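Undergrad: One structure follows; several queries about it will come next.
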Amino acid sequence: MRRYKKSIKSFRFLKKLNPVTLFQPVTHDLYHWLLALRWRYFLILMSIFYFSINCLFALAYMTTENGIANAEQGSFKDAFFFSIQTLSTVGYGSMYPQTLYAQILVTIEIWLGLLLLTILTGLMFARFSRPTAKVLFSNVAVICPYNGIPTLMVRTANRRDNRILEAQIRLCVILNEVSQEGYNPDSALQKVALNTTSLGLIIKYNCLSS
């Protein structure tokens, strides 16, 4: 039993580290992947993308000579903060573009900034407006008699201060099966028959039995 649990944990660890499994949802459906991403990873990803764009444009501004007025020549700091002002369209202060090359870069960056702001606003609105359920499951399951029959019971609870209507319930178990030929394939996922597969109303907690 311990060896089986250890192999399951190793399998899950390899599944998490597998780059094909990790980036497969990104290549198939980037929008859904961004919506399903956890908030901390989403904010970190957006921050990395934002600063990366500003760094790229800062390097582009540094390639032109005297392209930015009142900026120190070859200063990455001045070029970076000028890129932030341009991308966010907050308006220029003492630094502003003064060459044709810088004006072209500013035009591209402003257009890109408006596009990114529109996409980010849509993603933030979709993430906040998407309804999500928070259901808490007990760490243990018990087997006790119910109406004279040994019954497997699992307790669930609603973590939100609301009511869940028409909840659909499915319970599955992972079995390590061996075929008639003696082969030991991957773990099989099988459904467990429940006394009820739907609950009309969940307020605080319920007990599932099979």
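The numbers here are math on the coordinates, done by the rules we state, and not lab data. Nothing here was measured: the structure is a model prediction, and the numbers come from that model. FYI the Cβ positions are ideal-geometry reconstructions off the backbone, even for glycines, and counts take in every protein chain you see.
Undergrad: Give the residue list of trypsin sites (Lys or Arg not before Pro) in the range 66-135 that are DSSP loop and have at most 10 other beta-carbon atoms within 10 angstrom. Show your work: numbers first, answer last.
TA: Values: sites: LYS77, ARG127, LYS134; in loops: LYS134.
For trypsin sites (Lys or Arg not before Pro) across the range 66-135 that sit outside H, G, I, E and B with at most 10 neighbouring Cβ atoms in 10 Å, the list reads LYS134.
Undergrad: Note down the nm distance, to one decimal, between modelled labels 7 Å out along Cα→Cβ at ILE149 and at SER179.
TA: 3.4
Undergrad: While we're looking at this one, here's another question. Given R₀ = 25 Å, FRET efficiency for GLU72-LEU100 by Cβ-Cβ distance, to 0.05?
TA: Numbers: r = 21 Å, r/R0 = 0.84.
Plugging the Cβ-Cβ distance into 1/(1 + (r/R0)^6) gives 0.75.
Undergrad: Can you tell me the relative contact order of the range 58-189? Whole percent, Cα pairs under 8 Å, sequence separation 6 or more.
TA: On the way: 126 pairs, mean separation 18.3, N = 132.
Relative contact order comes out at 14 percent.
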